[in-house]
Amino acid sequence: MSIEKKEFKPKIVAFCCNWCSYAGADLAGSSRLSYPADVKIIRVPCSCRVNPMFILRAFEKGADGVIMCGCHPGDCHYSTGNYYARRRMTLLFSMLDYIGVENGRTRVEWVSAAEGVKFSDTMNSFVEKIYSLGENVRLGDLRCRS
Amino acid sequence: MYKIAKENLSALFRLIAESSELYLPVKTAGQVNFAAWSEEAEVALDILKSVKSPKDAFFPQSEGLYTVKREGKKMKVEPEELKNKDFVVFGMKACDVKGLEVLDNVFLADPIDTFYAARREHGTVVALACHEPEESCFCKVFGVDAANPAADVAAWMIGEDLYWNALTEKGEALTEKVKALLTDADETAVEAEKEAIHNIVEKLPYMNLSLEGWNGDALSEKFDDKLWEELYKPCLACGTCTFVCPTCQCYDIKDYDTGNSVSRYRCWDSCMYSDFTMMAHGNNRTSQMQRFRQRFMHKLVYYPANNDGMYSCVGCGRCVEKCPASLNIVKVIKAFQKQGGEK
Amino acid sequence: MQELINRAKELLENGTVARVLGWKAGDLPYNPEPAYFESAESLKDFVYNGFCGANLSKYMIEASKLEGKTLVCLKPCDTYSFNQLIKEHRVDREKAYIIGVGCKGKLDIEKIRNQGVKGIESIQGAEITDAADELKIQTIYGEKTVAYADAMLERCHVCKGKEHKIFDEEIGESKETKDGERFDEVSRIEKMSPAEKFAFFQKELSKCIRCNACRNVCPACSCRKCVFDSNKFDSSQKANVDSFEEKMFHIIRAFHVAGRCTDCGECSRVCPQGIPLHLFNRKFIKDIDELYGEYQAGDDTDSKAPLTNYTFEDAEPSIVGKRG
Amino acid sequence: MQRIGVFVCHCGSNIAATVDVAKVAEMALMEPGVVHAEDYQYMCSEAGQAKIADAIHEKKLSGIVVCSCSPRMHEATFRKAAERAGLNPYMVEIANIREHCSWIHKDMEEATKKAVILMRAAVAKVNLNTPLKPGESRVTKRALIIGGGIAGIQTALDIADAGYEVDIVEKTPSIGGRMSQLDKTFPTLDCSACILTPKMVEASAHEKINIYTYSEVEKVSGFVGDFTVDIRKKARSVDMDKCTGCGVCQEKCPSKKAPSEFNRGLNTRSAIYTPFAQAIPNVPVIDREACIKFKTGKCGICSKVCQAGAIDYEQKDEIITEKYGAIVVATGFDTINLDKYDEYAYSQSKDVITSLELERVMNAAGPTHGHLERLSDGKAPKEMVFIQCVGSRCSDDRGKPYCSKICCMYTAKHAMLIRDKYPDVNVTVFYIDVRTPGKNFDEFYRRAVEQYGVNYIKGQVGKVIPQPNGKLLVQGSDLLDNKQILKEADMVVLATAIEPNPDVRKIATMLTASIDTNNFLTEAHAKLRPVESPTAGIFLSGVCQGPKDIPETVAQAGAAAVKAIGLLAKDKLMTNPCTAHSDELLCNGCSTCENVCPYGAITYEDKEVNDHGIREVRRLAVVNSALCQGCGACTVACPSGAMDLQGFSNRQIIAEVDAICR
């Protein structure tokens, strides 16, 4: 019996706010700025819509990295959403770090609608980081690996 | 009757583990629970009670039932395999062993719970007599002899030795397997230990707890009693009492979507939980008082009514020790007794 | 204690309060239970001693719905919870008559047992009036002594202070019990490598039996229906099927109470498996203090909670990786 | 179970060149709920939309996924197409397989795999979609302007000219605001009153404008298009209808020791007074604190001398309740309190004054009738020192972190006017930077330096020490020459920082309009929606939003008016259906959601609920869908999950997460 080592293809979930980052991702697309296909984007109205439950859920179901993008602080379409999101994510990430989940698996990046380049650069570096960390084994439900 | 020096117990465990799985009290992060033996495991035989009862060796807190896989638009159902490997549970106490009897009456009665039956069939229980019973113990009230566990193998820790006495065929079979490590022993030491245990048991504060008035016929009298309205009040509606209990047998069935399949599993449920017995039409127990009453009525009235007067409490005292609000079955029994006395 | 009972009797008799929420003597020396007393006569069972660790403020959610005022006995640390509940409109201040009771540190029966004490028959020195720093314990297996401080709950070693944050009157003296720093253990864990941290929590959380005692006792977890009991997030869970679920449960629980948790320590007190659950809450408190300025939930009834607040200059989430 | 149709667009070769569109359609058929899948050249074309409509009819579709370009591009197109075919437009979801897939990936296999996953996520989401309907609310065609300064007046005039009713509420007895206190204006040096008074008259004469002076907003309820406001008309003690404005009462009033607010307390006024000669309305008020009749019950002279019989000592505060469709905040500013700047000796010497006080000193109607003189001894000054940035651009908590924006220009103006009128007076200005962005601003400043010989010193003043001889010793530094400067001055003028009118905090709370740490009202968007508050229907005019000079204020006032007119012109407002809503049975009533809502859309009500048989009255969150903009901040703040967002519900997002991680 030969055990074939499966090539690691990370699963990466990106939450993007509708007004800035999702548009930034669109701009990256229309500018043909590539980033790995491992990244899948979920559109949310605002970064403040991202519930820590969503992030843990992604990890539970087998995500190897979760990134959240929103408007730059001060530029939120809803004026204050990303300020709340920033605190929530800071505390959540700190907690994940505290229980031993590699900090590199979570990231927040502020990307405006004009920053297609930043969006693609961000995704490239995030994916690279996830490749270096390898499969997420610390925060996932084993049943999802079968 | 055999014996084995305590210092040789690791060798005994190693030998048992060669041919079967072995579960025994293991200390993890300061707490002792039954867990699989390994060389690294910190075995803790000198404690009286594990936090959780060892019932999950036979009735795990959660276990898979079957998996549904999707292949295109078709579904494929894969039942979970029944337990087919022998295993040994070492270090259960007399009350916990009695607890299995309670579970047997539920799971082995028709319709037979095949998952439980398979585990019972493959499991061998080595039970330890209670060297130093504690104030929370009241097993004698329920007819359990802490000094004489009625398991496949009864064992006693006395001084530097463990005494070993096979009581059933399974017990004999296990004894055969490990015979090389055992030496013959006479019963004098064991008899002395039994007497010592009995003497201590007599001194325990709950020994004189009376179950008078609690039986299968007491249904409406107890059910309608106003006392429940008082008793339940401090209850937090957590599941501690049910999850540490050796006889609680309720479970819920749930589905888990893994993305590629759906696995159906069952897991312990607690009658203290608000969605316990929640059904499509709603919940037939809407208040915590009703849920609280359910637990004790079940242990002391409903179960005896269906099982020839046998109570589904074995007096292990775990709820006495663990309830966050210091409620427990003893307080309930006493409260009714007191009320009766005043009438 | 007698002063407390007398006063409670007086208030019951003169109609100021309709009931008293306190503790009733148990059938063992260490298991008094939270209880309501509705008549002066019933107060004969009232007890207030070192084993009355239960924080009664959460019971006031239900008591607020009852006719008339409820006299509630709150220890200094319990008053923080009560304030927080007022802030969240979960209790009615007008329905409570708060007696701030003195405290000289509460006892943890598990700590006593862990010192090899078993077969307990009686315990002396646990009374609130006792000046002794020792517990004399009669057991079936002989007499034992345990230093009071060695039998205290973890939370009492890092006591927030002896001041009642809210009360109608105060009865009884309090004693300073603080001999440790609240965040020391958190700091110790923070310094571990990711693998060590993971191993530590994995070990602790592997004991979790999802009994929900931590949640149900928590004054901040006052939701009518917890997300883990509802299908709102597809997150209803009941048992430890997979180690992930415990992490999910405890992280989310801690997150939901972040900025609201007063660090009353009830979660750790009631955990049947002795999981140091306060380490989750305290991590959030420590982070909030460090990142957004010191904040003590329950200090008042009107300040903005850290997670419903912000400043333009708040730290970026990347600080987590940089702090090291 | 939904009946879902999946439509995969080729977008010519934009998608089809990198994504195997047929494969995506084929895979879609494997997904739960999908009963139809097809791919087509251009889904957004008329033919493509027809295909969608046909499938909706033929396959009785209840939901649609279009795998195409970004939803930001064509979501509206496909929603409309679905609506035309009888499907609720919110049953449409877009899988973005162009910008997020085909355009950024080269490998066909990889791109196709990703497109399939994106399709799956969209299908998973649409499985949980529910039909949504935008709400409607009516618009009351009347605007309220809070504040009757130049900003409020301008906004009122513009709205009224467009044909809508406008009410101005002004706290003081007259409209006119800060501008009425100014002597001249930069950079043209025309007389402030000369340009302001016609505007004031125009406003008061306008048939669509109604002015409530000596009045305050007491209570605001309702929401965009439908506000209900209580206005407290304070008792004036003078009958507005009878008073002829003759002024005799003021002349005869024996109580003349009240400090004049209009003259910044530099002189006094009578107890019955109009703030200034051109006041509108020209009807005095009685200052009851200062009035002898009110204090002792004796006097009553004003009543005796009033020929019109307008004095009414019995008058009481009156509450007027009115409905408005839009509210404009124009509450303006004040100068900061200088208690924390004692080093400038403001409290110690009468000859240290603020710039606004200097305006009054220079004004012909001011305390010195326009003569520049020291307030201590009435002597003409020879040396004047101006200190800039007093309390502005301050890094500690004594002052304000921002630039007050107007000080550089008005100081240049003051310096120039003084040098022009009193050429023998030396003027020295200590400054950190001179900031003159604005039309003709720098030219103006340069004239002050070059033509009028104003001595500008880059440096700060550490201390002003009153001397026994009545002079003021100014200790400063010259940063350019790197030396200490000691200067004896006759007068020192402090360019005092401005801050929002302190009342604005109370008003913002009533309006649930957000406010920043400096008490300036926050804009809905700092760049793109600068005159709107995040709270719908609330508009910002003038300095309440940030420091401004007059032309900027007027421009912004006009912009606010246009935004308000845009709202008032509508008969009905369609509300975004993707709003938050609260599950009554799960709500704890804890107010956490209310605290993070930027729009004040969440209120609490005591409601009776039936929770599985338990009937009780509970405090519950209620979302006003007319105000909610659908950001979702509340949904995360809510610990029990009671608060959810339609169109982006918890379960929908989780379904997407699950589909992606599968």
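The values are calculated or read from the model by the stated rules, or taken from the named source; none is laboratory data. Nothing here was measured: the structure is a model prediction, and the numbers come from that model. For neighbour counting, all protein chains shown are included, and Cβ atoms are generated from backbone atoms with ideal geometry for every residue, glycine included.
Below are the figures for this structure:
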quantity: Selection from the range C:288-310 of residues that are assigned to a loop (DSSP other than H, G, I, E, B) and within 21 Å of the chain's Cα centre (by Cα); calculated: C:Glu294, C:Tyr295, C:Gln296, C:Ala297, C:Gly298, C:Asp299, C:Asp300, C:Thr301, C:Ala305
quantity: Any hit, the range B:244-264, residues being within 23 Å of B:Tyr66 (Cα to Cα), under 21 Å from the mean Cα position of the chain (by Cα) and among the aromatic types (Phe, Trp, Tyr); calculated: yes
quantity: Boolean, D:Tyr456 is surrounded by 23 or more Cβ atoms within 10 Å (Cβ to Cβ), modelled with pLDDT of 95 or more and not β-branched (Val, Ile, Thr); calculated: no
quantity: Residue list for the range B:270-288, filter: under 15 Å from C:Ser230 (Cα atoms), within 8 Å of chain C (Cβ to nearest Cβ) and surrounded by 17 or more Cβ atoms within 10 Å (Cβ to Cβ); calculated: B:Tyr273, B:Ser274
quantity: Leading residue by the ranking (surrounded by the most Cβ atoms within 10 Å (Cβ to Cβ)) among those in the range C:6-46 that are over 23 Å from the mean Cα position of the chain (by Cα) and within 15 Å of C:Leu74 (Cα to Cα); calculated: C:Ala8
quantity: When residues of the range A:134-146 are limited to those that are among the hydrophobic types (A, V, I, L, M, F, W, C) and buried (at least 17 other Cβ atoms within 10 Å of the Cβ), the one nearest to A:Thr106 (Cα to Cα); calculated: A:Leu139
quantity: Residue match in the range B:141-156 (condition: out of contact with any His (no Cβ under 8 Å at 6 or more places or on another chain), in a strand (DSSP E or B) and of a type in the set (Val, Ile, Thr)); calculated: yes
quantity: 2 or more residues buried (at least 23 other Cβ atoms within 10 Å of the Cβ) and more than 10 Å from chain D (Cβ to nearest Cβ): qualifying strands (runs of 3 or more DSSP E) within the range A:1-97; calculated: A:65-70
quantity: Residue count for the range C:118-141, restricted to those that are within 15 Å of C:Cys52 (Cα to Cα) and part of a strand (DSSP E or B); calculated: 3
quantity: Odd one out for B:Glu176 among (1) in a strand (DSSP E or B); (2) acidic (Asp, Glu); (3) within 17 Å of B:Val126 (Cβ to Cβ); calculated: (1)
quantity: Criterion violated by C:Arg93 - all others in (1) under 18 Å from C:Glu169 (Cα atoms); (2) in contact with an Asp or Glu (Cβ under 9 Å, 6 or more places away or on another chain) satisfied; calculated: (2)
quantity: Restricting the range D:236-257 to residues that are farther than 20 Å from D:Gly177 by Cα and in contact with a strand residue (DSSP E or B) (Cβ under 8 Å, 6 or more places away or on another chain), the residue that is surrounded by the fewest Cβ atoms within 10 Å (Cβ to Cβ); calculated: D:Lys257
quantity: All positions within the range B:290-343 that are of a type in the set (Gly, Ala, Ser), under 24 Å from C:Gly22 (Cα atoms) and in contact with a Pro (Cβ under 9 Å, 6 or more places away or on another chain); calculated: B:Ala325, B:Ser326
quantity: Qualifying residue in the range C:232-242 (condition: more than 8 Å from every other protein chain (Cβ to nearest Cβ), in a loop (DSSP other than H, G, I, E, B), of a type outside the set (A, V, I, L, M) and in contact with a Leu (Cβ under 7 Å, 6 or more places away or on another chain)); calculated: no
quantity: Selection from the range D:276-300 of residues that are modelled with pLDDT of 95 or more and either among the hydroxyl-bearing types (Ser, Thr, Tyr) or touching a Pro at 6+ places or on another chain (Cβ under 6 Å) (or both); calculated: D:Val285
quantity: Among residues of the range C:245-257, those that are more than 18 Å from the chain's Cα centre (by Cα) and away from chain D (no Cβ under 13 Å), counted; calculated: 5
quantity: Residue match in the range D:212-231 (condition: in contact with a Pro (Cβ under 7 Å, 6 or more places away or on another chain) and not in a helix (DSSP H, G or I)); calculated: yes
quantity: Considering residues of the range D:70-105 that are in a helix (DSSP H, G or I) and among the hydroxyl-bearing types (Ser, Thr, Tyr) only, the residue surrounded by the fewest Cβ atoms within 10 Å (Cβ to Cβ); calculated: D:Thr77
quantity: Some residue of the range D:275-296 being surrounded by 15 or more Cβ atoms within 10 Å (Cβ to Cβ), hydroxyl-bearing (Ser, Thr, Tyr) and either farther than 30 Å from D:Glu359 by Cα or not assigned by TED's automatic domain parsing to the domain that holds D:Ile353 (or both); calculated: no
quantity: Counted residues, the range D:375-421 - those being within 20 Å of D:Lys463 (Cα to Cα) and among the acidic types (Asp, Glu); calculated: 3
quantity: Residue in the range C:211-228 that is basic (Lys, Arg), in contact (Cβ under 8 Å) with a residue 12 or more places away in the chain, buried (at least 20 other Cβ atoms within 10 Å of the Cβ) and not in a helix (DSSP H, G or I) present; calculated: no
quantity: Qualifying residue in the range B:82-93 (condition: surrounded by fewer than 21 Cβ atoms within 10 Å (Cβ to Cβ), more than 24 Å from B:Ala117 (Cβ to Cβ) and more than 12 Å from chain C (Cβ to nearest Cβ)); calculated: no
quantity: Candidates B:Cys238, B:Cys267 - the one that is within 30 Å of B:Glu81 (Cβ to Cβ), facing chain C (nearest Cβ under 8 Å) and buried (at least 17 other Cβ atoms within 10 Å of the Cβ); calculated: B:Cys267
quantity: Single unsatisfied condition, D:Pro551 versus (1) part of a helix (DSSP H, G or I); (2) crowded, with 16+ Cβ neighbours inside 10 Å; calculated: (2)
quantity: Residue identified as within 14 Å of chain D (Cβ to nearest Cβ) and part of a loop (DSSP other than H, G, I, E, B) among C:Leu66, C:Leu85; calculated: C:Leu66
quantity: Tally, over the range D:1-18, of residues that are over 16 Å from D:Tyr42 (Cα atoms) and of a type in the set (Phe, Trp, Tyr); calculated: 0
